[in-house]
Structures are given as structure tokens and as C-alpha cells.
């Protein structure tokens, strides 16, 4: 042991001691403090309310709520929206619903709230109005003396409840009694939830608070407008007295006495004023030509624009009441899109109030469940509030359904999970894709058990290709392959038309610079290949339909070739999983190749010179990626591979096959690696080891198998097959004849 090795344990022990000492010194209690906790550590003191949420302010809000038309309308609408109806259920600890206890909760909901006519829905309305006004929601559950039933559930005025910090540093709810004392309330039966509380404030804030200032301003403005309307709203007499008439009426003896002249004029004008002031609005009158009468003011006169002032006040009121203009009888001419967004935001606010009331209701119901000895909890669910019109709802539902279908196709959820998400119960049938219906195998297709009759006509095509495999199912699978080739060809044509239509709608790419291929690739993927995952899912579903038909056909025919009585199970889990995996792998390979062909074909147009939609459309129209030749390769590869999968599973199900011998196709085009694999012998549950096109050894459970990662060069259009080694032929596994 070296010197450093001797010191190392000592250093570690010292470090541990330092860590423990630091941890021991760390505080284990709350370190921050609210403002009310910093009041010299006083206890048994009611936490003060904010000045703007004092009881006096809340009382003022109640008056405004009941007397102001806008505030009254806001509360009216809010109560109807919040009280959208609800359902209650009693849930066991495992989440299941107890029907008997749920019925008891429903009965309880009907008999509480006696003060307001009875029914929990009545209490919801009272809670909404009281909570929205005071900023707090409170309730009390009244129990019988024997604590065996609920007498009633009461709405408690939030302003009558205060919070107190006791000597144990805990917050308690208290209520001031008539003698001035504070009564500590039982938190098991009295509940309080603040609305939008501030930091350190357990009382909550009323959403109506801003209405105080604007309503006072509104009242003052309306009073001023009343005066203005009274002053300017009607025409008034404009009376003028001709000075010459006054001069002529002056007595000669006072013309040189200023005081007497002034007195005479005042009397003359006063008498005229008195006569006109005593007239009724509709009275007729006579006057001398010494008095000139006209009208002034009225609607034709110019004055301040009162409507602008009212508009400003209305906007302030709408904001203060947290209400949509349309719900207050005001139409601001907003667009449908903006109106929908505003409604969604408003509904979110309504739901936040529903959640608070929901918690009050659930806690109240839970008290009943506890005294009944039920182990579980109550769950309250408010009915949804519509946020879109019927058309938008349908469009949203269609989008949601499409999303869930994609999740099923991607293998993220199963069909029953999707059905429960959309319609609320398990699926009642096998899903079908309307796009694929025209490309699926015919439902009336029969799988023939045996060779065709001598006089049957067989189309040239897959028969000549697959017939060389010397398998008993070759002719039947060849017929399926011809049908699949036609279906795949039509599906490729469907894809080509879709891509050309999208390309025409997309217009010219933003950049056609030959060095900007990555930018061009992004443009193609965004405008033409944007649903690549959906197209892959279509290939997966379509391929699996045809593969299943080929696999089951080969499996059933193969089972008939055993001397023993072997029954092939087409619903075998291993078989279905193998077909599903094969279909997914093939779909990925096919669609990836299609995407790349589209990108490179269009890029060739760019590289040749000026890009045009006509040139691009022609390029896709002529591209081999959508040709019948490609459909033939896909059909032959997948149908033959699926048939091998079915045969292999049939052999596995029989329990009679113990080994297999690779047999290469007898043709000039047979791959070198497959020729080398000829006569290779392996146990049935072991893979063949075969060289691919690059000379690399890959593992295949049977010819055409890709489940173990075999590359395309080892499986595409492979016509090799394997010979069974049955029980009793163990010597063949050892290389015997």
C-alpha cells in the first residue's frame, strides 16, 4: 500500500464529516415570510384584508352589482354560463364508480340548499354571484347531532370569514360573533377558496373591483350629460328688445336722470322676461314689435360629441366586468375568427370559476361519503360549454378523429383505445380506410386449396415468376400477386396525381439555385410530401391486407401437405405480429423511396434550367417510381415474402418440422450469395446465413425474410425456398442424405 493510498480514506472521512456538519446546520423549516408574518411575531391576530378588498368595498360592489345595468347583466350571464349542469359520481379507490353510492349523492344534491328553493344547482348560482362579488367562495356542511347524515349545505358569505395565525403558527378560519369574540371554524365542514389570490393574501380578489372607479365616473358623466341634453336638446327662445323702442318709451322728465333711466329700463326688460317665463312650452303668445323673438340651440346646434365619451366608458366597463361586449348588448363588429378566440378565452375564465365551485362541491360530498363509511371520493363534472358553432365543432371533431386514426396507424394506441376516446366504448368492427377501399383485396376472393384444373386459363405474369419455386401454393399466390400488382399500381397512380396537384398549388419554389438543394428539399417536403407519415400508414394498411391474404393462403395449403392432421390457425399471434412487422418495414422502405424519387425528379428539372410547373408535372408523370414496373416488383416481393411467412408459421404450428434446407432458384439471375447458400442446413428455429449484394453475411429465417434486418439486395423478388426436415429425419440435420 502506497502513502497516498493510506491518506485517501482519511480524506474521505473528513469530507463526509464536513458534509454532515453542513447538512445538520441547514434549516428544516420555512425560511421566507409573508408581510403579515413580519409583524413582530404577533399571534392570535386576524390577518388584515387589502384596502381595496375590505368589507366596505365589497358592500359597495354588491350595490353596484344589483343597481348598475351593466354589472347586473354581467352577473346574470355569468351565473347562467357557470351553472351549465353537472354530474356527480362516487368513485372507489381504484377509480371505478359505485352506482349505489352515486345514487345517494344524487339524492343529496336534490335536497340541499333549502334556503334557495332546494337543489345543488341553486347553490351553484349563489356561489357564483357571491364569489364573483367578494373574491372568495365558502361553504359549510351542516351535520345531524349524531353525525350520521348531512342536514344541509350552506353558502357562506366570504366577507364574514377571517384568517388568524395561532400560536402553533397555523392559519385558522375564524368568524366574528355578536359579542365580538372570534370563533374558530372546523376545516372539516367549513371550506374557503379564494379567487385569484395575491401573494400572502388568503382572502382573494374580486374581479369586479375595477368597476368601482369606472361606474362612479359613468354616473358623473351621465349627470353632466343630463344637464347638457336639457340645455342643448331643445330649441330656446332668443328674445331681443329693440333699443329704439325703449328710448321712445322713456318719459321726458327722466331722460336726463341716469338712475331713473336705469330703473325704467330694468322694469321694462323685467316685465318682458316675466311674461315669457310664465308661458307653457306649447302656449301661443302676442308681443309688440318692440320685442324680437327667434329660436336658438336644439339638435341643429353644434356641441360636444357625447357618443365618443360613452364609447370610452363602455370599453372600460366591459374590461372591468371581464365580460364580452356582445354579452352586455354591445356589438363592436369583430370578425368571426376574433370573436371565436374571445369566446374561447372567456369560456376558459368561466371554467376556472367552475373548477373552484367544483372543489367546494366535491369536498361537501366527501363529508357525506365519510360519515357513510364509504372508502372513496366524489367526482363532480360540469357539462361542457360550447365554444364553436356547429360547423366549426364538426370540423374540429373531424380533425380530432383524423389525429386519433393516425395514432392507431402509427401503433401508438390500439383500435379500442381510439374508439373509447372518440365514441366512449370499444370498437365494434375492424377499421377501414375509405381511401384504400378501392385498392384492397376483394372480399369475395377465394383461396383455392389445390392446383388449378388443366382447362383453367392462367394469365401470364406472376404465375411464370412464382411457379419456379416448386411450392404447392405457388399458383394461388401467383394469382393473388397479379391482383396485388394491379392494386399497388393504381395506388401509386393515386399518389402521383396527389403530388402533381399539390405541386401545381404550391407554385414555383422560392429558390431554384442549383446549390440550394437542401432548401429545395425542405420546400418539396413542406408543400408536396407534407403527409409522408400518413402515406406511409396507407401503404402499411394496404400492404398488410394483401400480405395477410397471401400468408393465410400459403399457410393453409402448406398445412394440407402434412400426412398428419394439421389445422392452420390464421389468427395465430406470432403470425399476425410477423405480418404486422413485415408490413411496417416494407411500408417504410416503399414510402421513403417514393419521397426520394419525387425530390430527385423535381431537382433534375431545376438542374436542367428554369423550373416550371409543366416541366415538373411531366417529370413526375414519367418517373419510374410510380410505374407499373415498380408496382410489379413491390407485389412480387411482398406477396412471395408474405407467403413464405405463412408457410413458415404453418410449419411452426404443426410441430413436425425440426429443420430446413435452403434451395436456390434454378435460374441464371439467382444471386451469387443465394447460390452459395444452396443446401445450407439449419434447425427450424435457427436462421440461414446468406451473403447480400455486398458480400456481407445476413441472417434470414427463410428466403425473403427481413425480420432480422436483411437488406433489400437479399429479399427483393427472391424466389428461393426451403425444404422441410421433419421429425424422424434427424440425420438430415447432421448432413446425411
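Just so you know, all these numbers are worked out from the coordinates, no wet-lab data involved. Just so we're clear, the structure is a prediction, and the values are computed from it rather than from any experiment. In this analysis, Cβ positions are derived from the backbone assuming ideal geometry, glycine residues included, and neighbour counts consider all displayed protein chains.
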Revision key, fill the gap. Expressed in angstrom, Rg and Dmax over the Cα atoms of region 40-185 are 18.7, 54
Practice item. Taking every pair of alpha-carbon atoms in region 570-655, give the share separated by more than 19 Å as a whole percent. Key: 55 percent
Point to revise | Burial ranking of peptide ranges 45-53, 636-644, 270-278, 522-530 (average Cβ count within 10 Å, highest at the top) | key: 636-644, 522-530, 45-53, 270-278
**Study point:** Additional length obtainable on full extension of the chain from residue 711 to residue 679, 0.36 nm per residue less Cα span
**Key:** 9.4 nm
Review point. When the distances between all Cα atoms of region 656-737 are binned every 10 Å from zero, what whole-number percent does each bin get?
Key: 20, 52, 24, 4
Revision key, fill the gap. Full extension between residue 84 and residue 666 adds, at 0.36 nm per residue less the Cα distance, a length in nm of 201.9 nm
Point to revise | As computed over region 596-737, the Cα convex hull volume per residue (Å³) | key: 128 Å³
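Can you tell me the FRET efficiency between residue 355 and residue 257 if r is taken as the Cβ-Cβ distance and R0 is 60 Å, rounded to the nearest 0.05?
About 0.10, to the nearest 0.05.
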